[in-house]
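Colleague: Provided herewith is a single structure, encoded as structure tokens, for subsequent inquiry.
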Amino acid sequence: FFQAQDGIRDPLWSRGLGDVYKRQMQDHGTSTFFKGVSQLAPGERLEIDAGKSFVGGKILSTITKWYRLETVARSEISMEEAAATLRDLMCDSIRLRLRADVEVGSCLSGGIDSSAIVCLIDERIQKAGGSGQRTFSARAEDPRLDESRWMEMVLKGRQIDPSFVMPQFDLLADELSDLIYTQDEPFGSASIFVQSLVFSLAKKVGVKVVLDGQGADELFGGYTFYRSCALAGMLSKGHLTEAIGEIMAIRRTGVSLTRTFMEIGDYLLPDALRQRFRMFLKKNHIGPSWLNLDKLGVSGSNVPSQYGGRARSVGELNYAQIAFTSLPKLLHWEDRNSMAWSVEGRVPFLDYRLVEFAMRLPDELKVSQATTKRVLREAMRDVLPSQLVARRDKIGFAASEHEWFVRKRPDWFLSKIDKSVELGAGLFSSELK
């Protein structure tokens, strides 16, 4: 990354890297890694008067906030009604995003979100008596990460023409510099490379518009830590009986209760007590030894409250992820990966009507009994294969990083670490190895 930037880092670059490496946060504000370059916040537009653009060598512009996602009160609604409404909203969102003068395809990872889109499109095609759709997927060398069997469940018996790519280490090594240049910023895993390959696959077969399942996890609480957040919400409201039932349900999934309680402490406890609680659990990891937190401008591992660090409900964490922490960076990666291959990525789950509806739903319809995305599962129950509806693990566009960097080419990986230590200006130590 340092080599790709070619000396044009912003003076605040170290703080930005602190957010990236310690908090896994980026694109949560208006700053970038480039001098003199800022980005618009979500829901903003930049207006330039063409007749008065340049005055004294400067561009005159106005930034206006045109949309705000309000944190509205949770509505009283049954699971049946919520699932039916969600299904209708999804169908209409997909209908709008299939509008194009060119062929439209879909990404298919094998997870619930992309599979729901593909199956709803297939249902629409069959009702209209039309021809099939094209899907684009990535497989993995590591069988633990390969989602082929889930994809096959979706493809079986449907009018779908699938295309697959198998990411290889040699291709990653060849394209890494170009990928970093395309993204404009660091990224946390080789999954970004896998996503890029999926869009390149669409490009190769001539499909210029691709639908994707981005956003569902943030809307409906799809990540595993939402279980802890839901439990924290029950405890903060004093719903002890409900909380005990939730703890038992989480335990049955095989998730570590120590980790669960640590995450609950992060949501509920003040900073001073939180650190002591972590020490009690022997999980007081302020930062890895190879990372210079002082130089990064990061003290400890606290995530600011506006970014979900003190979320007391699933809805609060939904909002933080949608507005600040998760979606902005995911959409950054997707937009640059798709545009690099001249492919337009469309995201049906982020139709504003669907987002606003999701924000009004009670927490228990999203996450409870250790089950994430409950309302989405219910809405897709007669659309998806039953095994997919019940699926609990989450992989996504995962790359075979252990296979590549540890087993096949540790020499290549360690050489990149040596270069990072050299160029990092004291951010990283040799203990990175």
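The values are calculated or read from the model by the stated rules, or taken from the named source; none is laboratory data. Source: prediction; values computed, not measured. Note that each Cβ is placed from the backbone with ideal geometry, even for glycine, and that neighbours are counted across all protein chains shown. The area values use the complete protein model at the heavy-atom level, side chains included, leaving out ligands, DNA and RNA. Shrake-Rupley method; radii C 1.70, N 1.55, O 1.52, S 1.80 Å.
Colleague: Amide H of F34: which non-local residues (sequence gap of 5 or more, or other chain) have their own amide H closer than 5 Å, using H built in the peptide plane?
Modeller: D10
Colleague: Sequence-distant or interchain residues sharing an amide H contact under 5 Å with S163, placed H: which?
Modeller: Counting only residues 5 or more places away or on other chains, the set is T135, F136, S137.
Colleague: Could you pull out every residue, at least 5 positions away or on a different chain, whose amide H is within less than 5 Å of the one on S75? Hs are placed 1.01 Å off N in the peptide plane, and Pro or chain starts have none.
Modeller: Distant-sequence amide H within range of S75: L361.
Colleague: Using Cα pairs under 8 angstrom and six or more residues apart, how large is the relative contact order of segment 191-266, in percent?
Modeller: Relative contact order here is 26 percent.
Colleague: Sticking with this one: Could you report the accessible area of R45 in Å², rounded to 10, computed with a 1.4 Å probe on the protein chains as they sit in the structure?
Modeller: 100
Colleague: How many Å³ per residue does the convex hull of the Cα positions in segment 126-224 occupy?
Modeller: Considering the Cα atoms of segment 126-224, their hull volume per residue is 158 Å³.
Colleague: Once you have the Cα-Cα distance between V37 and Y223, take 0.36 nm times their residue separation minus that, and quote the gain in nm to one decimal.
Modeller: Difference between extended and current length: 63.7 nm.
Colleague: Find the Cα radius of gyration of segment 190-255, compare it with 2.2 N^0.38 Å by division, and give the number to two decimals.
Modeller: Segment 190-255 yields a ratio of 1.78.
Colleague: Could you calculate the contour length gain from K65 to A173, that is, 0.36 nm times the residue separation minus the distance between their Cα atoms, to one decimal place in nm?
Modeller: Result for the pair: 34.8 nm of gain on full extension.
Colleague: While we're here: What list of ³J(HN,Hα) values in whole Hz, one per residue of segment 178-185 in order, does the Karplus curve 6.51 cos²θ - 1.76 cosθ + 1.60 (θ = phi - 60°) give from phi, with Gly and Pro shown as x?
Modeller: 5, 5, 5, 4, 5, 6, 6, 6
Colleague: What is the spin-label model distance, in nm, from W290 to R74 if the labels are put 7 Å beyond Cα along the C-beta direction?
Modeller: According to this spin-label approximation, the distance is 4.2 nm.
Colleague: Let me check I've understood the local charge: for D382, count other residues with C-beta under 12 angstrom from its C-beta, Lys and Arg +1, Asp and Glu -1. What total comes out?
Modeller: Within the 12 Å Cβ shell, the charges total +1.
Colleague: Multiply the residue gap between C91 and K237 by 0.36 nm, knock off their C-alpha separation, and tell me the result in nm, one decimal place.
Modeller: Stretched out fully, the C91 to K237 stretch lengthens by 49.0 nm.
Colleague: Something else: Taking 8 Å as the Cα distance limit and 6 or more residues as the minimum spacing, I'd like the relative contact order of segment 91-211 as a percentage.
Modeller: Taking the mean separation of contacting Cα pairs over the length of segment 91-211, I get 34 percent.
Colleague: Please work out how many pairs of lysine residues in segment 313-433 are eight or more positions apart (or on different chains) and have Cα atoms closer than 16 angstrom.
Modeller: Count of close lysine pairs: 4.
Colleague: FRET efficiency for L257 and S189, Cβ-Cβ distance as r, R0 = 25 Å, nearest 0.05?
Modeller: 0.40
Colleague: Where does the Debye-calculated log10 I(q)/I(0) of segment 17-173 sit at q = 0.20 Å⁻¹, using only Cα point scatterers of equal weight, no solvent?
Modeller: Values returned for q = 0.20 Å⁻¹ are -1.20.
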